[in-house]
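Here is the structure we will look at, set down as structure tokens.
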Amino acid sequence: MKDIKRLVRANIAALTPYSTARDEYKGSLGILLDANENPYDAPYSDKGSQAGGAYVINRYPSTSLKEAVRGKVAALKGVAPQRLFLGNGSDEAIDLCYRVFCEPGRDNAVMIAPSYGMYSVCADINNVGCRMVLLEPETFALPVERLLAQVDANTKLMFICSPNNPTGNAFDVADIELLADAFDGILVVDEAYVDFSSKPGVLPLIEKYDNVIVLQTLSKAWGLAGLRIGLAMSNPYIISLFRQVKYPYNIGTDTLALALDRLKADITPQVEEIISERDRLAELLPAYKCVRKVYPSDANFLLVKVDDPRGLYNALIEGGLIVRDRSSVALCEGCLRITIGTPSENEKLLKAIETYES
Ligand code: PMP
């Protein structure tokens, strides 16, 4: 068992967290004169019927609604609710990793590159050092030894994104486990795209290693990017620290109510369609003259190397299609990142590339 407590910032370990009115009185019956709310419900409650139930928005979000969503997500993920933190997107959880563990101006985080930009932006915001370790060129394999070589006494966090954005590949659980074992800081594995992956994820590692935090999100496979709900799963101690440091009421009532309703859906058919469209595009795209390489993907996007990324990017915009130009990112030279759309959107993409080439 690793000693996690020694990794926590001293001011956070000693924090007396803010206790909200809703923390202190968890019931809903009675006349609520405890939270300085407006007693008149705002005229938006009809939205509640869309979410499958009425809710009030003149009150701060109820603890029981948040706990209902937490319970539902925990059951879907097969983890105990005390192991789950719900954030305002997984971006909030990324920021909390820094705020809980990293002493500004002293500590550092090690991360793979290229990867999701918020790991380094949050490091900069928190005045935490950022040590980027390039993946292996072309294969985008995990450089386990080079990552560990960057660790020093002030390295508190290591970020691995699997499947990785923007390269699309998922890493082997065994390699990630090597890092969890060898690294004495907190290993954060961002699995935002795990539902599209053919490889197993690393969630079971949270039971085996106290220093592992797994991030997931409702923004991708669940189709709820507009709601802003992200998941951090770890040991109950780290989750309790996240809950103490987050803002009070970090997720709004409308978001919670809509999430509870949408979480009843079976996302499997939609996810399967996105995966089969991804595989179809991965097969068709190499036939185009301008396409040099389509990298294997375990996510809902493809990284595609082309002859003239800016030229194709502009041509696609002309055709009304917006993709992400990643050609200025190290190891992604010449590459566009293309999110998988609906079958008809994907057809339009192929047609637009055809027009560009003709
Ligand atoms: N992690 C990765 C790897 C992402 O690509 C993104 C968003 N594109 C996020 C996290 C942010 O997710 P959320 O919407 O949950 O904040």
ask   = Once both axes come from the Cα atoms, what is the angle between helix 309-318 and the longest principal axis of the chain, in degrees from 0 to 90, rounded to 10?
value = 70 degrees
task = For helix 268-284, report the angle its Cα long axis makes with the longest principal axis of the Cα atoms of the chain; keep it between 0 and 90° and round to the nearest 10°.
result = 20 degrees
key: Two-decimal Rg/Rh across segment 84-130, once Rg and the Kirkwood Rh are taken from alpha-carbon atoms   = 0.96
ask   = Any idea what the dipole of the chain comes to, in debye rounded to 20, about its Cα centre with Lys/Arg Cβ at +1 and Asp/Glu Cβ at -1?
value = 600 debye
query = How high is the relative contact order of segment 5-262, in percent, with contacts defined as C-alpha pairs under 8 Å that are six or more residues apart?
reply = 24 percent
task = Working from Cα positions, state the angle (0 to 90°, nearest 10) between the long axis of helix 173-182 and the longest principal axis of the chain.
result = 60 degrees
query = What is the calculated FRET efficiency for ARG146 to ILE267, with r their C-beta to C-beta distance and R₀ = 30 Å, to the nearest 0.05?
reply = 0.25
query = With each label point set 7 Å from Cα along the Cα-Cβ vector, what nm distance links LYS5 and LEU33?
reply = 4.3 nm
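If you count, for each residue, the other Cβ atoms within 10 Å and average over each peptide, how do 198-211, 269-282 line up from highest to lowest? Show your work: numbers first, answer last.
Working: 198-211: 17.7, 269-282: 16.1.
Highest mean packing first, the order is 198-211, 269-282.
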ask   = Could you give the distance between the Cα centres of segment 223-295 and segment 74-112, to the whole Å?
value = 16 Å
remark   = Over all directions, the chain yields a Cα convex hull whose mean projected area in nm² is 19.6 nm²
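Could you sort out which of LYS2/LYS199; LYS66/LYS264; LYS199/LYS264; LYS72/LYS199 sit more than 21 Å apart by Cα distance in this structure? Each step should come with its number before you reach the end.
On the way: LYS2/LYS199 27 Å; LYS66/LYS264 16 Å; LYS199/LYS264 25 Å; LYS72/LYS199 24 Å.
Long pairs (Cα-Cα over 21 Å): LYS2/LYS199; LYS199/LYS264; LYS72/LYS199.
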key: LEU76-ILE125 pseudo-label distance in nm [points 7 Å out on the Cα-to-Cβ vector]   = 2.4 nm
query = Modelled label-to-label distance, TYR249 and GLU136, 7 Å Cα→beta-carbon offset: nm?
reply = 5.1 nm
task = Straight distance only, please: which aspartates and glutamates reach the Cα of LYS220 with their own Cα at less than 12 Å, same-chain residues fewer than 8 apart left out?
result = GLU191, ASP195
note = Here FRET efficiency (C-beta to C-beta, SER276 to GLU354, R₀ 22 Å, nearest 0.05) is 0.55
Share of pairwise Cα separations in segment 1-134, more than 20 Å, in percent = 65 percent
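So if R0 is 30 Å, what FRET efficiency would ARG310 and MET118 give, r being the distance between their Cβ atoms, rounded to the nearest 0.05?
On the way: r = 25 Å, r/R0 = 0.83.
Rounded to the nearest 0.05, the efficiency is 0.75.
Add -39500 (n - 2.57) for each DSSP H run of 4 or more in the chain, then divide by its residues: what number comes out at 222 nm, to the nearest 500 deg cm²/dmol? Walk me through the numbers on the way to the answer.
Numbers: 14 runs with 129 residues, N = 358.
Here the helix-only value at 222 nm equals -10500 deg cm²/dmol.
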inquiry  = How would segment 186-309 be classified by its alpha-carbon gyration tensor: rounded, prolate or oblate, with rounded meaning a/c under 1.5 and the a/b versus b/c comparison settling the rest?
reply    = prolate
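Ranking TYR25, TYR288 by Cβ neighbours within 10 Å, fewest first, what do you get? List each step's numbers first, then the result.
Working: TYR25 13, TYR288 18.
Final ranking by Cβ density, sparse to dense: TYR25, TYR288.
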remark   = With the label point 7 Å along the Cα-to-beta-carbon line of LEU15 and a cut-off under 18 Å to each amide N, the hits in segment 142-161 are 156-157
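In Å³ and rounded to a whole number, note down the convex hull volume per residue for the Cα atoms of segment 270-342.
Numbers: hull volume 6.3 nm³, N = 73.
For segment 270-342, the hull spanned by Cα atoms encloses 86 Å³ per residue.
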request  = Would you list which aspartates and glutamates come within 16 Å of LYS5, measuring only between C-alpha atoms, while excluding same-chain residues fewer than 8 positions from it?
outcome  = GLU103, ASP107, ASP184, ASP210
inquiry  = Checking the cross-link filter: which aspartates and glutamates have an alpha carbon closer than 15 Å to that of LYS348, excluding same-chain neighbours under 8 positions apart?
reply    = GLU277, GLU318, GLU357
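Read the figures in this text as sums done on the coordinates, not as results from a lab. Note that the structure is predicted; figures quoted are calculated from it, not measured. Glycine gets a Cβ as well: all are built from the backbone with ideal geometry, and neighbour counts include every protein chain shown.
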